[in-house]
Amino acid sequence: MNVFYCDACRTKFETEGTRTEWIDRTYGPCIRWTAVCPTCGAECRLAETVHAQSGGSGIGGSMDWGGGSGCGPSCR
Ligand SMILES: [Zn+2]
């Protein structure tokens with residue numbers, strides 16, 4: 001099972017999904033997992049991929065946490 005994330009519903013769901021493989025002229029062999037959202041029917045991507053892409057914008061939040069000495073995200 002894989003975890004997918006639906007942008008339309010903003011929810012995660014688990015399903016087998018569909019594995020698409022193709023040979024890219026520039027990057028070579030590529031693999032992409034897609035699944036159809038059970039709620040709205042939209043095509044969704046792997047949740048891990050979404051998380052990785054949104055990680056860059058979390059830098060500002062971590063700076064706020066660093067303001068208090070010894071204070072981490074868990075105490076907010
Ligand atoms: Zn959806």
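Using the per-residue mean of other Cβ atoms lying within 10 Å as a proxy for protection, in what order, highest first, do the peptides 23-33, 2-12 fall?
On the way: 23-33: 9.0, 2-12: 15.6.
Highest to lowest by the protection proxy: 2-12, 23-33.
Which three lengths, in whole Å and largest first, does region 2-55 cover when its Cα atoms are put on their principal axes?
If we take the Cα atoms of region 2-55, the spans are 35, 25, 16 Å.
Whole-Hz ³J(HN,Hα) for each residue in region 18-28, computed from phi via Karplus 6.51 cos²θ - 1.76 cosθ + 1.60 with θ = phi - 60°, x for glycine and proline: what do you get?
10, 9, 10, 10, 8, 9, 8, 4, 8, 9, x
By counting other Cβ atoms within 10 Å of each Cβ, how are THR15, THR20 ranked from fewest to most?
Numbers: THR15 15, THR20 10.
By the 10 Å Cβ count, ascending: THR20, THR15.
Bear in mind these aren't lab numbers, they're just calculated from the coordinates by the rules spelled out. Quantities reported herein were computed from a predicted structural model and do not represent experimental measurements. Glycine also receives a Cβ, built like all others from the backbone with ideal geometry; neighbour counts cover every protein chain displayed.
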